[in-house]
C-alpha cells in the first residue's frame, strides 16, 4: 500500500488501532456507568407487554455482535511471518474497525434497552458481551503472526 496515495502513514496505523480500540472499550465502560446511574434515578414507565418485547429485543441484540464480529473477523487475514506490522495494519484497520463497531453496537443496544426496561441484568450483560468481544478482538490478537 502506497502511503502517499492513501494519505495516511502506515507507521501511525498501529498507534491508531490501539487508540481507537481503547476509546471504544472506555466508551462502553463509561456508558455502562451512566446508564447504571440513570437506572438508580428512576426508570421510565411503560406497559408490561412493551417492556417484555423490548427486553426480548435486548437479549436478541446480543446475538448479532457475537455472530457478526466472528464473520467480520474471518475476513481479516492473519499477519504472515515477517510481514511488516505497520503495513498489515494499514491494509486491515478498516476491517478491525468493523469488528469493533459490531461489538460496540450490540452491547450498546442491549444497554439502552436494559435501561429503558429497567432490566439491570440486560444492562450489565450488554456491557459484558461488548467488552468480552472487544477483548477477544484486541489489536495484539488481531495482529498476531501465523
Residue hits (the stretch 104-126; surrounded by 21 or more Cβ atoms within 10 Å (Cβ to Cβ), in contact (Cβ under 8 Å) with a residue 60 or more places away in the chain and under 17 Å from residue 68 (Cα atoms)) are 104, 107, 126
When only residues in the stretch 33-53 that are under 10 Å from residue 115 (Cβ atoms) and in contact with a helix residue (DSSP H, G or I) (Cβ under 7 Å, 6 or more places away or on another chain) count, which is modelled with the lowest pLDDT? 44
For the stretch 83-102, how many residues are farther than 15 Å from residue 142 by Cα and touching a strand residue (DSSP E or B) at 6+ places or on another chain (Cβ under 8 Å)? 0
Go through the stretch 64-81 and report how many residues are free of Cβ contacts under 8 Å to residues at least 40 places away in the same chain and in contact with a strand residue (DSSP E or B) (Cβ under 9 Å, 6 or more places away or on another chain). 0
How many residues, within the stretch 58-77, are assigned to a helix (DSSP H, G or I) and surrounded by fewer than 18 Cβ atoms within 10 Å (Cβ to Cβ)? 9
Which of the residues spanning the stretch 111-135 are within 12 Å of the chain's Cα centre (by Cα) and either modelled with pLDDT under 95 or over 19 Å from residue 18 (Cβ atoms) (or both)? 126, 127, 128, 129
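The values are calculated or read from the model by the stated rules, or taken from the named source; none is laboratory data. Fair warning: this is a prediction, and the values are worked out from it, not measured in the lab. A quick note on method: Cβ atoms are made from the backbone with ideal geometry, for glycine too, and the neighbour counts reach across all protein chains shown.
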